[in-house]
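K.L.:
Sharing a structure, written as structure tokens. Questions coming.
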Amino acid sequence: RNMASPPNLGPKGYRAATHWTAREFLSAFGAIPSRDRVCIDRNRVTGGGVTAGIDFALTLVSIIAGRRTAEAIQLRLEYNPAPPFQSGSPDTAPPEVLTLINERIAPHRAQRSEAMQRAAARLDLPEAGPHEKSGSVRAFG
């Protein structure tokens, strides 16, 4: 690898999570879309969705500082989710709620698609290779 080139920060060839409304765009960056709330693939950690960001953060803390520290933070936050409805995922939301949201975001999805394609075309994301240090973790959330 040319040392003057930027390090591989992209998700190319890695499984990656993101918000469900953006998941379809991951492949434009060479990522393999994951439906996980927190996805760990080799030295990459990604998170999907807004509340999954808390899960993502606690997972990173556990990797970096240990489970006990992550659990202490979870307790301090009083993070004990108990959603009042089962509409937090396209997999569990009633079909009419999913249709409503998809209709509302359709114009934004088209704009996002164009922006993602332009961004992906400008990036040079080399394949992950042996130059990656297996002991370091890169987080994208």
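K.L.:
Mind ranking 43-55, 75-87, 106-118, 22-34 by how tightly packed they are, going by the mean number of other C-beta atoms within 10 angstrom, highest first? The partial results should precede the final answer.
P.N.:
On the way: 43-55: 19.2, 75-87: 8.7, 106-118: 11.5, 22-34: 17.5.
Highest mean packing first, the order is 43-55, 22-34, 106-118, 75-87.
K.L.:
Can you tell me the FRET efficiency between T92 and I32 if r is taken as the Cβ-Cβ distance and R0 is 25 Å, rounded to the nearest 0.05? It would help to have the intermediate numbers written out before the result.
P.N.:
Values: r = 23 Å, r/R0 = 0.92.
Once rounded, the FRET efficiency stands at 0.60.
K.L.:
What is the percent carbon and sulfur in the accessible area of segment 31-81, measuring with a 1.4 Å probe over the protein chains and ignoring ligands? Please list the in-between numbers first.
P.N.:
Numbers: 1890 of 3310 Å².
Roughly 57 percent of what the probe reaches on segment 31-81 is carbon or sulfur.
K.L.:
Separate question: Given a Förster distance of 35 Å, report the FRET efficiency between R68 and E24 from their Cβ-Cβ distance, rounded to the nearest 0.05.
P.N.:
On the way: r = 38 Å, r/R0 = 1.09.
It comes out at approximately 0.40.
K.L.:
Based on Cα positions only, what radius of gyration and what Dmax would you give for segment 31-102, in angstroms?
P.N.:
My reading of the Cα-based Rg and Dmax gives 14.7, 43 Å.
The values are calculated or read from the model by the stated rules, or taken from the named source; none is laboratory data. Just so it is clear, the model here is predicted, and its values are computed rather than measured. Heads up, the Cβs are rebuilt from the backbone with ideal geometry, glycines too, and the neighbour counts pull from every protein chain shown. All accessible areas refer to the heavy atoms of the entire protein, side chains included, with ligands and DNA or RNA removed. Shrake-Rupley method; radii C 1.70, N 1.55, O 1.52, S 1.80 Å.
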